1. Out of curiosity, is Ser137 assigned to a loop (DSSP other than H, G, I, E, B) and either hydroxyl-bearing (Ser, Thr, Tyr) or touching an Asp or Glu at 6+ places or on another chain (Cβ under 6 Å) (or both)?
2. Looking at Leu33, Leu49 in this structure, which one is surrounded by 15 or more Cβ atoms within 10 Å (Cβ to Cβ) and under 17 Å from Ile403 (Cα atoms)?
3. Report yes if some residue within the stretch 382-400 is free of Cβ contacts under 8 Å to residues at least 40 places away in the same chain, of a type in the set (Phe, Trp, Tyr) and farther than 17 Å from Trp274 by Cβ; otherwise report no.
4. State which residue pairs qualify: first residue not assigned by TED's automatic domain parsing to the domain that holds Gly86 and inside the stretch 259-271, second residue β-branched (Val, Ile, Thr) and modelled with pLDDT under 95 in any location, beta carbons under 6 Å apart, and separation of 6 or more residues or different chains.
5. May I ask you to say which residue of Ser130, Ser137, Ser146 is at pLDDT below 95 and of a type in the set (Ser, Thr, Tyr)?
6. Hey, any hits in the stretch 67-74 for a residue that's crowded, with 23+ Cβ neighbours inside 10 Å and assigned by TED's automatic domain parsing to the domain that holds Leu154?
7. Is it the case that the stretch 76-83 has a residue that's over 19 Å from Asp401 (Cβ atoms), assigned to a helix (DSSP H, G or I) and touching a strand residue (DSSP E or B) at 6+ places or on another chain (Cβ under 7 Å)?
8. Within the bounds of the stretch 7-28, is there any residue that is closer than 14 Å to Cys402 by Cα and not in a helix (DSSP H, G or I)?
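The values are calculated or read from the model by the stated rules, or taken from the named source; none is laboratory data. As the structure is a prediction and not an experimental result, all values here were calculated from the model. Note that each Cβ is placed from the backbone with ideal geometry, even for glycine, and that neighbours are counted across all protein chains shown.
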Amino acid sequence: MITADLKGVYPFVEENEIFGSRCGAAEKAHRLLESGSGEGGEYTGWFRLPSRIGSDELSEIEDEGKRIASDSEVLLVIGVGGSYLGSKALVDMLYHENGTSGTNIVYAGNGLSSRRIVQLKEYLADKDFSINIISKSGGTLEPAISLRIFYDLLTEKYGTGRADARITATTDARHGNLLNMAKERGWKRFVIPADVGGRYGALTAAGLLPCAAAGADIRAIIKGAKNASEAYALKSADNPVWQYAASRRALYDKGFTTELLCIWEPQMRWFGEWWKQLFGESEGKCGRGIFPASLEMTADLHSMGQYIQQGPRNIMETMLSVCSGPDVIVPAGKAGKDGFDFLEGQFLCQIAEKTLRAVTDAHVSGGVPVIGIKSDAMKFEGAGELIYFFELACGISSYMDCINPFNQPGVEEYKKNMFRLLGKPGF
């Protein structure tokens, strides 16, 4: 299971502050999520999702994933924000590590770059491909534009009837433009539950179908999340979710307003992007909120290390490391004398662990609090566990700050301006 190491926090926050009143607030927040009685409680369906998703639903997702893999070299996933970040994070984390050999997954609808669209069209021109369009409402600009463009490409390649058979829509069960289009065209449909918001939907069909098409074991992902939901139901200061949430809140109240999620596996880069949206959109309200940013270690030590060590002291770090996987031994330096003979025969994982320890100690000494989180996220069950860990921590942390974790009223402001400038009727 996931462990939280708070030794890098205690120089900045008294231990009894985290395990005393803060854990009391964490318990209250946890119970609000559990009962669905907090603000935005109608969107807490994710809380029990690992237990609620049934074998039949998983089988349907698996079958569609196999269908896609059988006739498509590529699955084009069209979505933005929570509609695609969960699947992108999971696919990137798990694809190579676990020997998955399904369809290649590519993404569109998450920006407005014409260059990217042209590149994707060129890439798909000689490929057999299918489309998974993900949108709860069907009313988001970027996915709508991409669907128009790539639906045309799909119909040019296969004809309308065969093209429609290659499209899967993941959307709301009852409402929305995408649902209406899917019904009209006869597209295969999967449901994003009404009580699950987009950024909390990584463990719904929105996240699981692309994983299944890529060859991932989605039952193991859900099993890991279910194990997490049971283990982290613990109402105790021993709960690592509470420890993480309480530490963040205590540090924020002492002026540490930016959190850097430092990821020690390159394949988890997009997990950092998912995490940024989860916490940024959930907590950034009412003039408050911890600003979330992510770094890839050790690469970003050579670009941002100076700023972290000696820049403004409003930064906290969460060091996210994973359990050892495939390892490499440093060989003899046959190319010449590079000054690193002392590393000969050492395992790379051991070097990485010592570097993590060195970085943590240096940053703490320089005035940066560090929370350590360790998981087995590169395995199917571990990935499901980590997703649930951070979803639960985000809900608890938000309620501890008296913030509704499940709305995002601020994003509507730019959309009003955008639609007015684009000439949408009614704006």
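1. Yes.
2. Leu33
3. No - not one qualifying residue is present in the stretch 382-400.
4. Note: pairs meeting the criteria are Glu265/Val322.
5. On inspection, the qualifying residue turns out to be Ser137.
6. Yes, the stretch 67-74 has at least one match.
7. The answer is yes, given that some residue of the stretch 76-83 is over 19 Å from Asp401 (Cβ atoms), assigned to a helix (DSSP H, G or I) and touching a strand residue (DSSP E or B) at 6+ places or on another chain (Cβ under 7 Å).
8. no
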